[in-house]
Amino acid sequence: MSKETMPGLFRAHHVAITVPDLEAGVRFYSEVLGAVEMFRLGPFDAAQMPRQPDGRDWTEAHVNVPDARLWIANLKIGDNLVLELFRYERPDGGNPTPPRNHDIGGHHLAFHVKNIEEAAAFLRRKGVRLMDGPIEIKEGPSAGVRALYFLDPWGNQLELIEHDRLFFV
């Protein structure tokens with residue numbers, strides 16, 4: 001494979017998560033993770049937008065989801081993350097279950113915290129579902145990292161990371 005890389009690429013811009021209810025998504029990420037809403041877009045409705053020259057509708061051509069209506073909310077979390085929440089309506093309903101970590105497309109979003117026990121206690125008070133833990137990595141390049149997975153109300157996997165230094169960046 002060539003070592004050539006994309007010209008001008010210098011950082012990630014945002015992470016996107018699909019939720020079934022945009023208002024509830026904004027509320028969860030604001031109340032639990034301190035997200036600040038930046039702006040909203042939509043609805044974008046494939047049925048009301050011009051088709052592409054090749055016959056595809058707007059949402060299929062631009063976001064690879066045919067026959068959809070979609071809404072978007074952009075949230076800022078901390079000093080370095082933009083979280084883009086999507087809500088879709090489709091005639092077929094789509095898949096209501098997010099991929100698990102071992103599925104193709106599986107993912108999770110991790111947040112660096114100063115004290116994982118305090119953060120976990122806060123999540124419990126908010127009624128957030130936590131996985132077992134935290135776990136502590138004892139050796140290797142991540143030695144000293146403590147981690148705890150949790151879920152948003154729709155099953156999207158999130159993670160808390162406690163470490164005295166930022167690593168891998």
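Screening Gly140 against (1) outside the structural domain of Glu23 (by TED's automatic domain parsing); (2) part of a loop (DSSP other than H, G, I, E, B); (3) surrounded by 14 or more Cβ atoms within 10 Å (Cβ to Cβ) leaves a single unmet condition, (3). When restricted to residues that are of a type in the set (S, T, N, Q) and in contact with a Pro (Cβ under 7 Å, 6 or more places away or on another chain), segment 110-169 contains 1.
Look through Leu41, Leu85, Leu123, Leu70 and report the one residue that is assigned to a strand (DSSP E or B), of a type in the set (A, V, I, L, M) and in contact (Cβ under 8 Å) with a residue 40 or more places away in the chain.
Working: Leu41 fails: in contact (Cβ under 8 Å) with a residue 40 or more places away in the chain; Leu123 fails: assigned to a strand (DSSP E or B); Leu70 fails: in contact (Cβ under 8 Å) with a residue 40 or more places away in the chain.
The unique qualifying residue is Leu85.
Among the residues of segment 31-42, those that are exposed (fewer than 15 other Cβ atoms within 10 Å of the Cβ) and either among the small types (Gly, Ala, Ser) or at pLDDT below 95 (or both) comprise Gly34, Gly42. Scanning segment 114-127 for residues that are more than 17 Å from Tyr29 (Cα to Cα) and loosely packed, with under 15 Cβ neighbours inside 10 Å yields a count of 4. Of all residues in segment 1-30, those that are in contact (Cβ under 8 Å) with a residue 40 or more places away in the chain have Cβ atoms under 8 Å from Cβ atoms of residues that are among the polar types (S, T, N, Q), 6 or more apart or on another chain, in His14/Asn74; Ile17/Asn156; Val19/Asn156. Among the residues of segment 139-163, those identified as more than 16 Å from Val15 (Cα to Cα) and touching a Leu at 6+ places or on another chain (Cβ under 6 Å) are Leu148, Phe150, Leu160.
Total residues in segment 12-38 satisfying the condition of being assigned to a helix (DSSP H, G or I) and of a type outside the set (Ser, Thr, Tyr): the figure is 10. Here Asp164 does not qualify as loosely packed, with under 15 Cβ neighbours inside 10 Å, in the same structural domain as Val26 (by TED's automatic domain parsing) and not β-branched (Val, Ile, Thr). Only one entry in Pro99, Pro91 is surrounded by 14 or more Cβ atoms within 10 Å (Cβ to Cβ) and part of a loop (DSSP other than H, G, I, E, B), namely Pro99. Exactly one residue among Leu158, Leu151, Leu130, Leu83 is surrounded by 13 or more Cβ atoms within 10 Å (Cβ to Cβ), more than 30 Å from Gly42 (Cα to Cα) and under 20 Å from the mean Cα position of the chain (by Cα), and that residue is Leu130. The selection criterion, being of a type in the set (Lys, Arg), surrounded by 14 or more Cβ atoms within 10 Å (Cβ to Cβ) and outside the structural domain of Ala147 (by TED's automatic domain parsing), does not hold for Arg51.
The values are calculated or read from the model by the stated rules, or taken from the named source; none is laboratory data. From a predicted model like this one, the values you see are computed outputs, not experimental measurements. Using ideal geometry, Cβ is built from the backbone for each residue, glycine included, and neighbour counts are taken over all protein chains shown.
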